[in-house]
1. In whole Hz, what ³J(HN,Hα) sequence does the range 16-28 give by Karplus (6.51, -1.76, 1.60; θ = phi - 60°), x for Gly and Pro?
2. Using a basic spin-label model with each label point 7 Å from the Cα along Cα→Cβ, how many nm lie between N38 and I78?
3. Of the listed values [x] 14.9; [y] 15.4; [z] 17.5, grab the one calculated as Kirkwood radius over Cα pairs in Å from the structure here.
4. Output ³J(HN,Hα) for the range 31-41: one whole-Hz value per residue in order, computed from phi by the Karplus curve 6.51 cos²θ - 1.76 cosθ + 1.60 with θ = phi - 60°, and x for Gly and Pro.
5. Could you pull out every residue, at least 5 positions away or on a different chain, whose amide H is within less than 5 Å of the one on I7? Hs are placed 1.01 Å off N in the peptide plane, and Pro or chain starts have none.
6. Under 20 Å Cα to Cα from K2, which lysines show up? Leave out anything in the same chain fewer than 8 places away.
7. What full-extension length gain, to one decimal in nm, is calculated for F86 and K2 as 0.36 nm per residue of separation minus the Cα-Cα distance?
8. Tilt of helix 69-86 relative to the longest C-alpha principal axis of the chain, in degrees (0 to 90, nearest 10)?
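Every number here is computed from the coordinates shown, using simple stated rules; none is lab data. These numbers come from a predicted model, not from an experiment. Note that each Cβ is placed from the backbone with ideal geometry, even for glycine, and that neighbours are counted across all protein chains shown.
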Amino acid sequence: MKIFKVINNNIVITLDQNNQEIILMGRGLGFKQRPGNNIDENLIEKRFSLSSSDNEESSVSQLLSNISLEDIRVATQILNYAEDIFNTNVSNSKIITLSDHIHSALERYNSVLS
């Protein structure tokens, strides 16, 4: 698997066999990496695939560049807990949405402290 685009130190995009983008997350996954480099699959913690237009994909890329891996981990834990409690499955796209909400809430909180 090769890197298609580096979002930040922890998030990269690769392409599947149908040239659909797959978002990969993991600590240090994109650190000092460039498009075309091989991906260290041992670093992959999460995989997300999107089925959307190019405009939506670029906005997701921009969104993910601002969200920390820790925000994503917290969102994942919350949604896993909800799945267990309500005995249901939550779509992976909800992790990105919840991560964005967590990130925004933390930014607002930190701006009040400043």
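1. Along the range 16-28, the couplings run 8, 5, 9, 6, 8, 6, 10, 8, 10, 10, x, 4, x Hz.
2. 3.8
3. Of the listed options [x] 14.9; [y] 15.4; [z] 17.5, [x] comes from this structure.
4. Running phi through 6.51 cos²θ - 1.76 cosθ + 1.60 with θ = phi - 60° gives 5, 6, 10, 9, x, x, 5, 6, 8, 6, 5 Hz.
5. V12, I13
6. K32, K46
7. Working: separation 84, 0.36 × 84 = 30.24 nm, distance 3.72 nm.
In short, 26.5 nm is gained.
8. With both axes taken from Cα atoms, the answer is about 70 degrees.
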